[in-house]
Amino acid sequence: MKYFIGNWKMFGVPTSINILNKINSFRSKDKNRNNYRVIITPPYTLLESFAKYFRNKKIMIGSQNCYQKDKFSSNTAAVSPYMIKNLGAKYTLLGHSDNRAEGDTDLILKNKVKFALKNNLKVIYCIGENKSQKKNNKTFSILKMQLNKVLEKGFNKNNIIVAYEPIWSIGTGKIPNPKDLLMTTTYIKKILTKIFRKNSPAVLYGGSVDENNVGVFRQIKQIDGFLIGGASKSSKKFIDIIKNYYR
Ligand code: 13P
């Protein structure tokens, strides 16, 4: 099973549902539809309406983050996994570099993952090195730390997806070369297999994926799908990514 996940970040108003409608109609006719899953993470403001609208359709909805506590608390503007689950969302992204930059530490992220799983949300956990870490050959040690400090054996691996998103690639048009990416995703799966003592959860790639470069990733079979930012805001680009992947 492959994943095509669209992270809308700070984008979208209620009428933006038209974008998803087009993706949904494409998917419902696509001969490859049973080979992949489409998940979209709109902003909190659209979670409820989108999750309701797509409840019996084939697009799944997730949040882009959640608070580090379980249910209710006195934290202004915070949204808990319990609240997200109750809106009908099935997934949550956690650990996106945007949120790490705003203060999400490994300890906070561990709590977020724990409470998200407790509330039956599936977690898409993002990891990735920045430009200087890459330059200084720190990529593997950074990834290892981001995995080991946040994920633990007791977590249900069937409800976890890991998204490898090198920070230097997000929104820049730069993508890793296939050889590096093969090595890095192999390494991530090795660490995950150690943590979970069995098979690794799915590992996705994210960072400047678009309809023109998706073919490059097809040769790396162990990549289980993509986390797509900019190109997920256009139904045409998102559909073309899927079409070109299966071409
Ligand atoms: P871009 O696809 O715009 O590079 O964003 C990737 C991303 O951050 C998805 O979470």
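Worth pointing out:
- Lone unmet requirement of (1) assigned to a helix (DSSP H, G or I); (2) acidic (Asp, Glu); (3) within 16 Å of the ligand (Cβ to nearest atom) for Glu211: (1)
- Answer residue from segment 222-247, given it is β-branched (Val, Ile, Thr) and part of a helix (DSSP H, G or I) and is nearest to Tyr36 (Cα to Cα) among those: Ile242
- Criterion (among the charged types (D, E, K, R), open to solvent by 20 Å² or more (accessible area, probe 1.4 Å) and touching a Pro at 6+ places or on another chain (Cβ under 9 Å)) met by exactly one of Asp224, Asp240: Asp224
- When Asn56 is tested against (1) of a type outside the set (Asp, Glu); (2) closer than 26 Å to Asn158 by Cβ; (3) modelled with pLDDT of 95 or more, just one condition goes unmet, and that condition is (3).
- Filter result for Ile17 (away from the ligand (no atom under 16 Å from the Cβ), of a type in the set (A, V, I, L, M, F, W, C) and farther than 22 Å from Ala231 by Cβ): no
- Selection within segment 158-191 - open to solvent by 50 Å² or more (accessible area, probe 1.4 Å), away from the ligand (no atom under 16 Å from the Cβ) and either touching a strand residue (DSSP E or B) at 6+ places or on another chain (Cβ under 9 Å) or in contact (Cβ under 8 Å) with a residue 24 or more places away in the chain (or both): Asn158, Leu182, Thr186
- Restricting the first member to segment 95-107 and to residues that are touching a residue at least 24 places away in the same chain (Cβ under 8 Å) and under 19 Å from Trp8 (Cβ atoms), and the second to residues that are open to solvent by less than 40 Å² (accessible area, probe 1.4 Å) and polar (S, T, N, Q), the beta-carbon pairs closer than 8 Å and six or more apart or on different chains are Gly95/Gln146; His96/Asn7; His96/Asn65; Asn99/Asn65.
The values are calculated or read from the model by the stated rules, or taken from the named source; none is laboratory data. Small disclaimer: the values here were computed from a predicted structure and weren't measured. Every residue, glycine as well, gets a Cβ built from its backbone with ideal geometry; the counts of neighbours run over all protein chains shown. Surface accessibility is based on the protein's heavy atoms, side chains included, excluding ligands, DNA and RNA. Shrake-Rupley method; radii C 1.70, N 1.55, O 1.52, S 1.80 Å.
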